[in-house]
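The values are calculated or read from the model by the stated rules, or taken from the named source; none is laboratory data. Keep in mind that what you see is a predicted model, and the values were worked out from it rather than measured. Cβ placement follows ideal geometry from the backbone for every residue including glycine, while neighbour counts extend to all protein chains displayed.
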Amino acid sequence: MSQFDETRHSRAGGNLVFSRCSGSPLSRGRQKLRHYPWIVRIDNPPIPRVIQAWDLGDSESAVLAWAYPHPGTEAIIDDLAGRRCAAALGIPVRGTFGLVLTAKGRGRITKARAVIERLRQAGMYLSALVMNQALTLVGEWGT
């Protein structure tokens, strides 16, 4: 059985696609997103050969398979190989960290640092230097 469980997307301000794997420590936080009306669950798409050729994980493949035929969709992918595939296919991509910073910049969350710290505790790799430099950009240096 595949580790891949579902793909969700948002139509708020453009499409946004990400996946949730049941084995991922980050999946617990993503489960909370079920309560937002702008997030809709979609079926797992068939994976086009052009994406299969990259030999990505199930989650990255499913995200890109959905985004590929939907122009204007931004894929949320942290995996480097998945990001490279997205770039080769012309799919805009953002990582989880970028998504948190965007949420802070748009006033959807009050403190990006707290969210990022929880993601790091759950297993997301992000150096303190990069985190602090980025948080400075959203007005959270030293908070």
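So that you can scan it fast, the table gives a plain yes or no per residue for (1) within 18 Å of the chain's Cα centre (by Cα); (2) modelled with pLDDT of 85 or more:
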position: N44; (1), (2): yes, no
position: R49; (1), (2): no, yes
position: Y68; (1), (2): yes, yes
position: T73; (1), (2): yes, no
position: G90; (1), (2): yes, yes
position: G98; (1), (2): yes, yes
position: E117; (1), (2): yes, yes
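Quick one: in the stretch 55-86, which of the residues that are part of a loop (DSSP other than H, G, I, E, B) and of a type in the set (S, T, Y) is nearest to T102 (Cα to Cα)?
If we take residues in the stretch 55-86 being part of a loop (DSSP other than H, G, I, E, B) and of a type in the set (S, T, Y), then T73 is nearest to T102 (Cα to Cα).
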Hits in the stretch 99-125 - residues which are within 25 Å of T73 (Cα to Cα) and among the aliphatic types (A, V, I, L, M): L99, V100, L101, A103, I109, A112, V115, I116, L119, M124
Answer residue from the stretch 90-125, given it is more than 30 Å from P71 (Cβ to Cβ) and touching a residue at least 12 places away in the same chain (Cβ under 8 Å) and is surrounded by the fewest Cβ atoms within 10 Å (Cβ to Cβ) among those: G123
query: K111: at pLDDT below 80 and within 26 Å of E140 (Cα to Cα), yes or no?
result: no
query: Which residue pairs have Cβ atoms closer than 8 Å, lie 6 or more positions apart in sequence or on different chains, and pair a first residue in the stretch 36-60 that is more than 24 Å from L80 (Cβ to Cβ) with a second residue that is modelled with pLDDT of 70 or more and crowded, with 16+ Cβ neighbours inside 10 Å?
result: I42/W66; P46/A65
